[in-house]
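Comments concern the structure below.
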Amino acid sequence: MSLTDHGRVRKQQFHDRLGILHHRHLHRKLKERFPAAFNTRWTRRHWLHASLFATLGALLATIVPGFSSQLQPASQLHATLPLQLPPLTVRAPGEGAGRLWDVVQVERGQTLGGVFDRMGVPAATMHRILDNPANRDALVRLRPGAELAFELDEHGDLRGFRFDRSPTQRVELDLRGEKIHEKVLERATTTRLAVTSAEIDHSLYAAGRKAGLSPAAIAVMTDDIFKYDIDFKDVQPGDRFSAVVEETWREGERIGTGRILAATFSTDGKTYTGFRFERNGKAEYFTADGRPLKKSFIRMPIPYARLSSKFGARRHPVLGKMRMHKGVDYAAGTGTPIMAAGDARVQFVGTQRGYGNVVILDHGRGHTTLYAHMSRFGKVRKGQQVAQGTVIGYVGSTGLATGPHLHYEFRVNGVHRNPLSVTMPPPEPLKGADLAAFKAATAPTLARMESMEQLMFAHADQAKQKKNKRG
């Protein structure tokens, strides 16, 4: 007899044995349920009940896993239970064998008071630590993932407390005694250059965050580097950007991003490039050939405003006479900030007849701008140098005005020009030694960024081609 036939015989014998046990079990249950039926002659009703129980027994033997557990192993069930793990205990380096720290990582939505309560440390002890303003400023702005370390004695009293005051400073507090003793440990950091590239799917912000850029770095791209060339409200899926950024690393961990040294942005078939370079102690962004990306003037020196009166002849709203309107008016609410249209020296701050409160800025090369009807001035004074975008005052209705608005004039060599159509002077490009230093500083950055773009975007194009073939 072969092994296969022997197996079939064993299996049949088991089934026969299972049937005998099943009938005995059923007989015992019937006898318990109907004792009189086994001492008297069975009636038709008895046979009906017996048939019903036999049918149910056969169904149970087929369906319930317990009857067939000998034929096949029962499946194992796995369950995962969340466990509240105790804080990680680490030994402080160089502190000897007796000093241990219980390290707690701050969870989302958790407060400092909640962490102290979890560790069994009284709130009074926490407030004793927060009495120091430097400690309070760092601890009230805890972010998820921040680490706090507690040193407890055998009675559960807090002996020491440790936290990071900044990315480079770790503070250890000794709470033994009436006075808290503080020790500041400097944590070494290194700066590395990284190149990141991404293609926009839904939004620039989402793509930038996915590429590892901080919100501040994304804002630098939109508000500083490409502010004058790209309207980011019109950015479309498929647009691309790259950036060379400084990364700060500490003990093998990236803890943040710093300055953007270079960036490119491709949209609407055009690619814009910006490189960071310091000139006269001031950082600016330039094109690859050394031309500033920042324009000399912004067309509209007031946000959230409506053009209410254009340049040219008009009937004066207060005097009722036809007069030349030598500027443009922007209607806005009282108190709306007014910005300097370009880098300049403050030529005048004060009151002038129908202008009311007025500021005049001298931008050099014969260009001046005037801002009138202010409700109040910004923190500016005559002779002061101000940067483009500096708030120089606030919208009002002083002087000859029927309502709050900004009257804005643009003059070239004393001649009034229409601010909406005048050709703005281009910014001064880098020359001579500055241009040579710029080229030398940006060449390695440009090469690194170009190689990274070729690698990443070639990979992205290949992925698109494969996707289109499948479709």
Review point. Do the alpha carbons of any pairs in K294/K326; K379/K431; K270/K295 sit beyond 30 Å of each other, and which pairs?
Key: K379/K431
Review point. Leaving out same-chain residues fewer than 8 places away, which aspartates and glutamates sit with a Cα under 12 Å from that of K210?
Key: E199, D201
Point to revise | In region 112-155, trypsin sites (Lys or Arg not before Pro) in a DSSP loop with at most 13 other beta-carbon atoms within 10 Å | key: R141
Practice item. Would you mind telling me the share, in percent, of accessible area of region 121-172 contributed by carbon and sulfur at probe 1.4 angstrom? Key: 47 percent
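Can you pull out the trypsin sites (Lys or Arg not before Pro) in region 336-400 that DSSP calls coil and that have at most 16 other Cβ atoms within 10 Å?
Within region 336-400, the qualifying trypsin sites (Lys or Arg not before Pro) (loop, at most 16 other Cβ atoms within 10 Å) are R365, K379, R381, K382.
The values are calculated or read from the model by the stated rules, or taken from the named source; none is laboratory data. No experiment lies behind these values; they were computed from the predicted model shown. Cβ coordinates were reconstructed from backbone atoms using ideal geometry, including for glycine residues, and neighbour counts include every protein chain displayed. Calculation scope for accessible area: heavy atoms of the full protein, side chains included, ligands and nucleic acids excluded. Shrake-Rupley method; radii C 1.70, N 1.55, O 1.52, S 1.80 Å.
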